[in-house]
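The values are calculated or read from the model by the stated rules, or taken from the named source; none is laboratory data. Fair warning: this is a prediction, and the values are worked out from it, not measured in the lab. Please note: Cβ atoms are built from the backbone with ideal geometry, for glycine as well, and neighbour counts cover all protein chains shown.
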């Protein structure tokens with residue numbers, strides 16, 4: 001008699017992929033004790049040790065755990081397909097929708113999308129993964145998520161559908177002498193201290209903007225967290241360049257900010273949906289894509305100030 005659940009398997013997979021119960025808990029929005037309990041119950045049921053526990057260093061899969069992870073992923077995928085088939089036969093849209101989002105965009109875009117999409121389709125259960133672009137693309141390629149909201153991606157196995165253009169803007173503290181300028185160029189600020197959003201794609205993109213102008217970034221601080229960039233700029237440490245424009249002009253530390261248009265001929269970032277090529281999309285994925293087409297555009301993006 002089988003004495004384990006799909007929910008337990010999903011918690012095990014989350015922990016196995018994250019190699020950390022803390023991170024897994026954040027990803028699946030479940031308490032750490034619940035994940036630990038699910039793993040313990042699976043180990044008792046299968047009479048195998050799934051993880052090595054490393055004090056203060058997270059988890060690593062045992063050889064048995066590696067094999068179980070592969071099998072659990074496949075079983076969960078099949079179960080999801082069965083749920084999709086059931087809704088399709090019934091003529092409804094439902095089941096689990098696994099959405100990935102680039103982590104600089106997710107806190108702005110996802111809350112409104114989540115609330116409105118699940119209100120329109122109450123039989124849909126959303127699972128959210130916030131990650132950097134490399135992880136998102138890997139997850140799409142392995143069919144571990146259905147769709148990703150991120151910047152333009154190219155690849156023979158990927159399909160990118162553009163929804164919006166995000167022009168780069170200059171972020172300044174509200175009391176900066178140039179904060180009320182309608183438009184500035186990089187040359188106006190190049191000598192001033194720069195706070196860098198240090199994510200792989202973002203870093204390379206911003207670097208290319210300076211190089212196009214024959215300039216060098218005067219980096220005084222770098223962080224991979226957009227809110228930290230905003231707080232550092234708000235505190236007067238320097239200026240920055242960003243593409244996502246939070247609706248609030250107040251940093252997390254309470255400091256006021258200013259957005260200024262960048263007056264240079266720079267290509268904007270392209271925001272859209274990434275899915276895998278040559279994979280049949282369930283109705284719930286098609287419905288989400290259509291909803292995003294209606295909701296996200298260059299002029300209207302949930303959670304963002306208009307450009």
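The table below gives the values:
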item	result
Residues of region 275-306 satisfying the condition of being under 30 Å from residue 260 (Cα atoms) and either surrounded by fewer than 14 Cβ atoms within 10 Å (Cβ to Cβ) or without any contact (Cβ under 8 Å) to a residue 60 or more places away in the chain (or both)	293, 294, 297, 299, 300, 306
Selection from region 204-218 of residues that are free of Cβ contacts under 8 Å to residues at least 60 places away in the same chain and surrounded by 16 or more Cβ atoms within 10 Å (Cβ to Cβ)	206, 209, 210, 217
From the options 236, 272, residue that is assigned to a loop (DSSP other than H, G, I, E, B) and in contact (Cβ under 8 Å) with a residue 12 or more places away in the chain	236
Residue match in region 101-121 (condition: without any contact (Cβ under 8 Å) to a residue 12 or more places away in the chain, surrounded by fewer than 21 Cβ atoms within 10 Å (Cβ to Cβ), more than 10 Å from the chain's Cα centre (by Cα) and over 15 Å from residue 295 (Cβ atoms))	no
Qualifying residue in region 152-159 (condition: over 15 Å from the mean Cα position of the chain (by Cα) and in a strand (DSSP E or B))	yes
From the options 12, 52, residue that is outside any helix (DSSP H, G or I), more than 21 Å from the chain's Cα centre (by Cα) and either more than 22 Å from residue 148 (Cβ to Cβ) or at pLDDT 90 or above (or both)	52
Filter pass, residue 90 being modelled with pLDDT of 90 or more, out of contact with any strand residue (DSSP E or B) (no Cβ under 9 Å at 6 or more places or on another chain) and more than 30 Å from residue 224 (Cα to Cα)	no
